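Derivation of every value follows stated rules applied to the coordinates shown; laboratory data play no part. This is a predicted model, so every value here is computed, not measured. Note: ideal-geometry Cβ built from the backbone for every residue, glycine included; neighbour counts use all protein chains shown.
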């Protein structure tokens, strides 16, 4: 386990909280802290003194850029974000105890961009499920794409040997490889919604990984191709979720909070721990809580 300690002002702490809270499995407020968030592979503690401590398997991607670096990156992003064709990749489901993890890559041409912009395609977290179900087929029709769905059962099997960052890097790279086969070549602007530093991404993805790619945090809010990929990943997640509820004749809760624990206990009243592994990501703390 690695530990990184940074010094932030209150605005930076607030910005960090807004960026990562959707991924948190648990939020607590120990004494002398603004907050503490437990992510699948990392714990982040923000102290009132301004010290922020990152502890976990992979912490480098959470380190905030300096103000100067941020301004420079934003300037580059605005220019690149308006360039078409462009391609992007994103993942969904890593913060949900139940359901799959899905990864998508998508290439948006200038012609397709005009149609998608009229539909107000944006970060899937800002769109309703109904809007995503409507937008997904349009994106799939207009844009070359690749969608990967990792069932909970397969996820649990792979997670025994690979941490979540490793898994995401390998899946993103696989999605990019599939996209290259469909599109022939990637555009100059090809962006990964950053979850780890570039060096670590390529360490996990391997020497034959697709290059070159850009890595930017919050890319789904700036690049239409990344937003489209996030919508495709979310649509695939929702389709799997529908099938899962039909198969098990049960309504599952999204996220990883108390309502999910209650749902897990209800599942275990009529199903085995082995069957739980077919619907849930067992390394989450929820498993421990619902098994008590």
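Restricting attention to the chain, close to 80% of DSSP beta bridges with both partner residues there are antiparallel. When the chain is treated as a GNM with alpha-carbon contacts under 10 Å, the residue of 83, 270, 45 showing the greatest mean-square fluctuation is 270.
Each Cα pair under 8 Å and six or more residues apart adds its sequence gap; the mean of these over the residue count of the chain is a relative contact order of 24 percent.
For segment 77-242, what is the percent of antiparallel DSSP beta bridges, rounded to the nearest 5? Intermediate values should be presented prior to the final figure.
Details: 13 of 20 bridges.
Taking every DSSP beta bridge with both residues in segment 77-242, the antiparallel ones total about 65 percent.
With each label modelled as a point 7 angstrom along the Cα→C-beta vector, the residue 249-residue 125 pair spans 3.7 nm. The simple spin-label model puts a point 7 Å past each Cα toward its Cβ; for residue 291 and residue 10 those points are separated by 4.3 nm.
For 38, 262, the sequence from fewest to most other C-beta atoms within 10 Å is 262, 38. Taking 0.36 nm per residue of separation and subtracting the current Cα-Cα distance, fully stretching the chain between residue 259 and residue 199 would add 17.8 nm. Connecting C-alpha atoms closer than 10 Å in a GNM of the chain, tell me which of 222, 247, 265 has the biggest fluctuation. Sorting by GNM fluctuation, first place goes to 247. On the beta carbon distance between residue 273 and residue 162, with R0 = 30 Å, the FRET formula returns roughly 0.85. Counted residue by residue at 0.36 nm each, then reduced by the alpha carbon distance between them, the extension gain from residue 239 to residue 48 reaches 64.5 nm. Panel values: the chain, Kirkwood radius from alpha carbon pairs, Stokes-Einstein at 37 °C and 0.692 mPa s, translational diffusion coefficient 165 µm²/s. Residues within the reach of a label modelled at residue 20 (point 7 angstrom out along Cα to beta-carbon, backbone nitrogen below 18 Å), restricted to segment 206-243, are 216-219. Cβ crowding within 10 Å ranks 145, 29, 172 as 29, 145, 172, fewest other Cβ atoms first.
Only helical runs count toward this figure. For the chain, summing -39,500 (n - 2.57) over DSSP H runs of n ≥ 4 and dividing by all residues gives -14000 deg cm²/dmol at 222 nm. Counting neighbouring Cβ atoms within 10 Å and putting the fewest first, the residues 244, 250 line up as 250, 244.
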